[in-house]
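Student: Below you will find the structure I want to go over with you.
All of the numbers you see were taken from the coordinates with simple rules; none came from a lab. In this text, all values refer to a predicted model and were calculated from it rather than measured experimentally. Glycine also receives a Cβ, built like all others from the backbone with ideal geometry; neighbour counts cover every protein chain displayed.
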Amino acid sequence: MIEFRNVSVVYPGGVQALKEVNLFFDKGEFVVIVGLSGAGKSTLLRSINRLVQPTSGDVLLDGESIVSASPRRLRALRRDIGMIFQTFNLVRRSSVLRNVLAGRVGRVPQWRTLLGLWPREDVELALQCLARVGLTDKAHVRADALSGGQQQRVGIARALAQQPKVILADEPVASLDPPTSHMVMKDLKRINREDGITTLVNLHFIDMAQEYADRIVGMREGRVVYDGPVTEVTTKTFEEIYGRKLRPEDWRGAAG
């Protein structure tokens with residue numbers, strides 16, 4: 001469903017974030033991408049929706065190039081790609097419901113979104129998405145009145161409201177405590193299972209990667225150094241990905 005063909009990304013200043021990456025993600029997979037900070041995990045995800053423009057190579061969604069897509073076609077492709085951010089990226093002074101409705105922007109006429117005149121079916125869909133993450137009662141509460149975990153679950157509902165083929169989650173639990181982190185990961189895993197949405201998650205949390213992933217992709221210095229089913233991953237695998245012996249705190253999510 002998603003294919004990387006010899007993708008490299010070089011940032012201004014000469015920093016090479018990705019080095020000739022070749023990967024393929026099948027429909028419905030739940031993949032966790034691990035590696036130290038700066039390994040290229042976020043760049044990899046952001047190349048899929050072209051928040052980062054690859055320097056060379058190509059990224060394809062259902063066989064169609066994202067790298068060479070026109071601005072108009074890129075907007076259409078992004079409708080199928082939901083994004084969940086580490087910092088939530090909510091409009092903090094707006095209601096939870098309006099934040100979730102933002103996921104419908106690409107599928108509703110612009111004049112309606114500017115005037116806030118959302119079709120009834122889109123409002124109903126947004127409420128259904130909130131129900132799936134247990135936040136129906138917060139629909140009319142301001143986003144900045146929620147806890148961090150609740151805000152991230154609003155982010156999940158917003159991505160779900162897009163009705164995407166793919167969900168990209170870039171360090172979605174990095175700023176959350178362990179119990180809340182597990183709640184967010186369980187929501188992502190359940191949605192992946194129920195809807196068959198291809199889900200790619202960047203994590204520092206090694207224990208969580210082992211618990212929730214179907215497949216692990218390990219990155220180091222911009223290259224893919226491991227790619228395989230979670231059932232085959234060992235402590236030695238992670239030590240090879242991270243390039244050092246693991247410390248006790250690495251297993252609790254402090255790696256990197």
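Student: What FRET efficiency comes out for the pair Arg73/Glu221, r = Cβ-Cβ distance, R0 = 41 Å, nearest 0.05? Intermediate values should be presented prior to the final figure.
Tutor: Numbers: r = 33 Å, r/R0 = 0.80.
Calculated value: 0.80.
Student: Continuing with this model, one more query. Taking only DSSP H segments of four or more residues, each worth -39500 (n - 2.57), what value at 222 nm results for the chain once the sum is divided by all its residues, to the nearest 500 deg cm²/dmol?
Tutor: -10000 deg cm²/dmol
Student: Residue by residue through the stretch 49-62, what is 3J(HN,Hα) from phi via Karplus (6.51 cos²θ - 1.76 cosθ + 1.60, θ = phi - 60°)? Round to whole Hz and write x for glycine and proline.
Tutor: For the stretch 49-62, the Karplus-derived couplings read 9, 6, 5, 10, 8, x, 6, 8, x, 9, 10, 10, 10, 6 Hz, x marking Gly and Pro.
Student: In square nanometres, what is the average projected area of the Cα convex hull of the stretch 1-79?
Tutor: Numbers: hull surface 21.6 nm².
That works out to 5.4 nm².
Student: For the pairs Lys165/Lys245; Lys19/Lys165; Lys41/Lys245; Lys186/Lys236, note any where the Cα-Cα span goes beyond 32 Å.
Tutor: Details: Lys165/Lys245 37 Å; Lys19/Lys165 26 Å; Lys41/Lys245 20 Å; Lys186/Lys236 26 Å.
Over 32 Å Cα-Cα: Lys165/Lys245.
Student: Starting from the Kirkwood Rh over alpha-carbon pairs, what translational D in µm² s⁻¹ does the stretch 6-152 have by Stokes-Einstein at 20 °C and 1.002 mPa s? Walk me through the intermediate numbers first.
Tutor: On the way: Rh = 17.6 Å.
Once the numbers are plugged in, D ends up at 122 µm²/s.
Student: Taking the Cα centre as origin and putting +1 on Lys and Arg beta-carbons and -1 on Asp and Glu beta-carbons, what dipole magnitude results for the chain, to the nearest 20 debye?
Tutor: 900 debye
Student: At Lys236 and Glu194, where each label point lies 7 Å from the Cα along Cα→Cβ, what is the point-to-point distance in nanometres?
Tutor: 4.1 nm
Student: Let me ask something else. Can you tell me how much longer the chain between Gln163 and Ser94 gets when fully stretched, taken as 0.36 nm per residue apart minus their C-alpha distance, in nm with one decimal? Mind dumping the intermediate values first?
Tutor: Working: separation 69, 0.36 × 69 = 24.84 nm, distance 2.19 nm.
The Gln163-Ser94 span can extend by a further 22.7 nm.
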